[in-house]
Amino acid sequence: MRPVSDPLPPGVLPDLLHQTAFNLCAVLAYSWGGPARLVSGNPFYVAELAWRLEGSPRKGRKNSPPVLVWADPRMADLPEVADLLERFPPGSAVLILFARRTRAFVPGMPGTSCNTQPVSPAAQDASGAVDGAVHGERARRLGESGVRPTLRLREILDWLAEQGFCEEARYGIGGSAYRSWSRLAYLVERLGQADHADRFRARARAALLVESRRTVTSVLTLVLTARRDR
Amino acid sequence: MRGFLSEAADVSRQVLAFAALQLEAWLDTMRGPDGYGGPVVHWWQDNLLYTGPGLDWRYEGIILGYLELYRSTGDKRWLEKACRAGEDLLRGQLPSGNFRSSCFEANPGTGGTPHEAACDIALLRLAWVLREQGDTTWESLAAAAWCNLRDYILSVLWDEEVRRFRNLPADPTFVPNKAATIAEALLAWADLTGERDVVNRYVVPSLDGIVEAQVRAPYSPLDGAIDQGVFGSKGTGRYFSFYIARCIPALLLGYERTGRESYRDAALRAMAFILRFRLPDGAFPQVVYQNGRVNRYPQWIAGVGDILRAMEWVRRYGIEVSPEPTQFWLLRGLHLHGGIATAHGFGSMDGQRPSGRPDARDLLPVCGWADKAFRYLAGLLRGGNHLPAVQLPPEVEMDCVFRGERCLYRETATVLEIRGESGWRYCWEKGTSWARLIPGSGRKRGVSCL
């Protein structure tokens with residue numbers, strides 16, 4: 001695991017989307033039952049997830065298969081991930097927290113002018129070194145390309161499938177409906193209609209999490225994969 | 001299933017005592033190794049995923065409720081339970097002075113407002129009682145509260161330039177109910193230590209800020225309302241009965257300590273506004289807006305404990321207030337297993353049309369709301385009251401709607417579950433820090449857990 005960065009200062013919270021994603025990540029990791037490992041090149045994700053994964057008394061049931069939480073996957077993570085997966089037995093899981101790089105206007109997210117809440121730097125930071133020394137053909141190909149420091153979700157899932165990890169469940173946070181209602185709430189708030197803004201916010205909130213087939217447009221996506229066979 | 005009282009009945013002390021003890025027994029089922037846990041639902045956002053201990057405003061009502069029980073009965077076991085809760089806070093205090101997981105609906109974050117100040121009030125009131133008993137542990141409780149006040153609330157949240165407390169370190173909005181909670185904590189510190197500097201330097205400007213945020217329009221129904229937040233000179237135009245009620249004790253305490261009549265007048269006008277919008281069944285709309293429109297839902301049930309407590313405060317000043325309709329509203333929310341419903345109408349937040357079945361979030365008892373009912377009910381007990389023995393049924397089941405699906409809510413002393421036709425939608429084993437999610441269920445139905 002990479003060194004844990006300092007968490008956010010007290011009173012500075014991730015935005016709602018990231019809070020939900022981090023908590024859901026912890027719930028899925030603990031539901032899996034085994035000890036959780038964390039890999040992420042994003043210091044903010046490391047800071048927020050590390051203590052969530054360590055903070056529970058259920059740090060892993062005895063003899064349960066491990067789960068790897070791979071948050072904001074990047075090229076540079078591939079050697080470490082591949083090395084860990086080599087030692088993962090059947091039944092173990094990889095949980096991917098994928099942040100879609102979007103310039104879409106999402107109230108409460110970084111880069112928008114309507115922030116009234118402290119926000120996370122996550123979706124802004126796309127840096128990461130390229131490291132070609134990875135295990136597995138697909139990983140090597142990705143690592144040596146040197147074109148994109150970050151990975152696409154499809155590429156990650158294909159690579160994991162080559163390692164024997166199949167998708168079990170997928171969750172989207174902040175899909176198109178959420179963003180539409182949030183934008184509308186923001187606009188009518190600017191027009192001074194607080195009552196309408198609150199109703200639109202309530203609708204946005206009801207659409208915060210989306211089902212598996214509609215995660216394509218989500219700002220954040222969680223995918224649970226499990227190794228069924230070697 | 002939900003209620004056991006009719007409106008025609010008198011709310012006798014016995015009934016209130018029974019309700020307080022039922023809630024107390026239920027609160028005990030919500031304890032884990034490090035404190036009181038459980039899911040959270042709120043107007044701002046829900047948090048059904050993190051279920052570990054929350055060192056937030058739930059400790060205010062829990063500790064002060066236990067102190068009320070101790071005061072009225074003299075039974076040491078209530079004081080011991082208050083001390084046990086106080087130790088949770090001490091164990092969960094970080095080197096920064098903050099409390100772990102103090103953000104309630106945004107847990108497990110830290111630095112929550114007004115939650116940490118609410119914990120400080122509880123610690124300082126408990127320290128007061130212990131000092132009266134000659135118990136030297138009062139010093140460590142007082143020191144923990146002061147550490148939080150000095151190193152976070154006064155150092156980080158206080159803005160010397162505008163002489164107001166900020167909402168959060170990164171948000172300069174002045175939020176009256178939060179400032180009121182901080183003012184109460186600082187007044188408790190001043191009471192305990194005799195230190196007056198904090199009153200003049202922080203409490204007076206904060207209460208002045210609350211008075212400034214109050215609507216002054218004698219012929220308007222909004223007269224007496226206190227804006228939820230003020231950024232610069234602009235208010236949000238939202239008036240919440242619950243949050244306004246939380247300003248009233250601080251204003252009246254401020255009046256008693258400083259003699260400034262403007263604080264007393266503001267408190268009484270605030271209560272007049274709250275009562276003006278009370279519904280016939282004793283409930284309150286969630287928000288009244290500057291344009292006169294009303295957002296009725298969700299209507300707090302457990303949370304009206306704080307509104308009732310504010311009513312008790314203004315009655316001391318000779319104001320005629322009838323708490324009975326709201327007492328009935330509160331008591332109708334009691335579950336047979338001792339918990340109390342959080343609200344009515346979570347499912348109607350956007351459409352404003354009441355729905356038939358309750359939303360699961362309505363039924364869900366939450367420590368950080370139930371504590372307000374517990375504190376109020378415990379405060380009504382008097383020395384002569386016979387305290388009945390409470391035995392909770394092994395389980396309770398209620399029909400509900402969860403994310404648009406008809407479900408069954410089930411709670412026992414060890415588990416809280418929501419079950420749909422094709423399986424579990426939500427499960428929390430009491431005492432654990434995270435809810436349980438059955439992987440794979442998301443494929444068919446989307447998410448099975450919020």
Exercise for the section: Filter the stretch B:45-67 down to residues that are at pLDDT below 95 and farther than 22 Å from A:Arg52 by Cα, then give me how many there are. Expected result: 0
Fill in the blank from the handout: Residues of the stretch A:157-176 being within 12 Å of chain B (Cβ to nearest Cβ) and surrounded by fewer than 20 Cβ atoms within 10 Å (Cβ to Cβ), in sequence order, are A:Cys166, A:Glu167, A:Glu168
Fill in the blank from the handout: Listed by first then second residue, the pairs whose first member lies in the stretch B:349-366 and is more than 17 Å from A:Ala206 (Cα to Cα), whose partner is open to solvent by 60 Å² or more (accessible area, probe 1.4 Å), with beta carbons under 9 Å and at least 6 positions apart or on separate chains, are B:Arg357/B:Asp399; B:Arg357/B:Arg406; B:Leu363/B:Arg2
Exercise for the section: Tally the residues that are open to solvent by 10 Å² or more (accessible area, probe 1.4 Å) and more than 16 Å from the chain's Cα centre (by Cα), restricting the search to the stretch B:49-61. Expected result: 1
Handout entry: Any hit, the stretch B:312-320, residues being β-branched (Val, Ile, Thr), open to solvent by 50 Å² or more (accessible area, probe 1.4 Å), farther than 11 Å from B:Phe242 by Cβ and more than 14 Å from chain A (Cβ to nearest Cβ)
Key = yes
Practice task
Kindly provide the set of residues from the stretch B:348-358 that are open to solvent by less than 40 Å² (accessible area, probe 1.4 Å) and within 11 Å of another protein chain (Cβ to nearest Cβ), ordered by number.
Solution key: B:Ser348, B:Met349, B:Gly351, B:Gln352
Handout entry: the stretch B:362-390: number of residues that are assigned to a helix (DSSP H, G or I) and either surrounded by fewer than 19 Cβ atoms within 10 Å (Cβ to Cβ) or in contact with a Ser or Thr (Cβ under 7 Å, 6 or more places away or on another chain) (or both)
Key = 2
Practice task
Could you please let me know if B:Glu87 is assigned to a helix (DSSP H, G or I) and either at pLDDT below 95 or open to solvent by less than 40 Å² (accessible area, probe 1.4 Å) (or both)?
Solution key: no
Fill in the blank from the handout: When the stretch B:71-83 is checked residue by residue, the ones that are open to solvent by 30 Å² or more (accessible area, probe 1.4 Å) and under 17 Å from B:Lys372 (Cα atoms) are B:Lys81
Practice task
Return a yes/no flag: does the stretch B:40-48 have any residue that is part of a helix (DSSP H, G or I) and open to solvent by 10 Å² or more (accessible area, probe 1.4 Å).
Solution key: no
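Listed here are the residues, each with its yes/no results for (1) in contact with a strand residue (DSSP E or B) (Cβ under 7 Å, 6 or more places away or on another chain); (2) more than 10 Å from every other protein chain (Cβ to nearest Cβ); (3) modelled with pLDDT under 95.
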| position | (1), (2), (3) |
| --- | --- |
| B:Gly92 | yes, yes, no |
| B:Phe99 | yes, no, no |
| B:Phe104 | yes, yes, no |
| B:Gly109 | no, no, yes |
| B:Thr113 | yes, no, no |
| B:Trp138 | no, yes, no |
| B:Ala143 | no, yes, no |
| B:Val156 | no, no, no |
Problem - Of residues in the stretch B:217-235 being open to solvent by 10 Å² or more (accessible area, probe 1.4 Å) and in contact (Cβ under 8 Å) with a residue 40 or more places away in the chain, the one farthest from the other protein chains (Cβ to nearest Cβ) - result: B:Asp223
Completion exercise
Just one listed residue, out of B:Ala180, B:Ala117, B:Ala190, is in a helix (DSSP H, G or I), closer than 21 Å to B:Ile62 by Cβ and either away from chain A (no Cβ under 14 Å) or open to solvent by 10 Å² or more (accessible area, probe 1.4 Å) (or both), and it is B:Ala180
Fill in the blank from the handout: Within the stretch B:194-216, the count of residues that are surrounded by 13 or more Cβ atoms within 10 Å (Cβ to Cβ) and either of a type outside the set (A, V, I, L, M, F, W, C) or touching a Pro at 6+ places or on another chain (Cβ under 8 Å) (or both) comes to 11
Problem - Search result, residues across the stretch B:22-37 that are away from chain A (no Cβ under 14 Å) and either open to solvent by 10 Å² or more (accessible area, probe 1.4 Å) or outside any helix (DSSP H, G or I) (or both) - result: B:Gln22, B:Glu24, B:Ala25, B:Asp28, B:Thr29, B:Met30, B:Tyr36
Practice task
Evaluate the following for A:Tyr186: is it open to solvent by less than 10 Å² (accessible area, probe 1.4 Å) and among the aromatic types (Phe, Trp, Tyr)?
Solution key: no
Exercise for the section: Answer yes or no as to whether B:His337 is under 23 Å from the mean Cα position of the chain (by Cα), at pLDDT below 95 and surrounded by fewer than 23 Cβ atoms within 10 Å (Cβ to Cβ). Expected result: yes
Fill in the blank from the handout: When restricted to B:Tyr66, B:Tyr70, B:Tyr50, the only residue within 14 Å of chain A (Cβ to nearest Cβ) and touching a residue at least 24 places away in the same chain (Cβ under 8 Å) is B:Tyr50
Completion exercise
Matching residues in the stretch B:350-396 (closer than 15 Å to B:Phe242 by Cβ and of a type in the set (A, V, I, L, M, F, W, C)) number 4
Practice task
Answer with yes or no whether B:Arg278 is in contact (Cβ under 8 Å) with a residue 24 or more places away in the chain and either open to solvent by 50 Å² or more (accessible area, probe 1.4 Å) or charged (D, E, K, R) (or both).
Solution key: yes
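The values are calculated or read from the model by the stated rules, or taken from the named source; none is laboratory data. Fair warning: this is a prediction, and the values are worked out from it, not measured in the lab. Please note: Cβ atoms are built from the backbone with ideal geometry, for glycine as well, and neighbour counts cover all protein chains shown. Quick note on the areas: whole protein, heavy atoms, side chains included, nothing else; ligands and nucleic acids left out. Shrake-Rupley method; radii C 1.70, N 1.55, O 1.52, S 1.80 Å.
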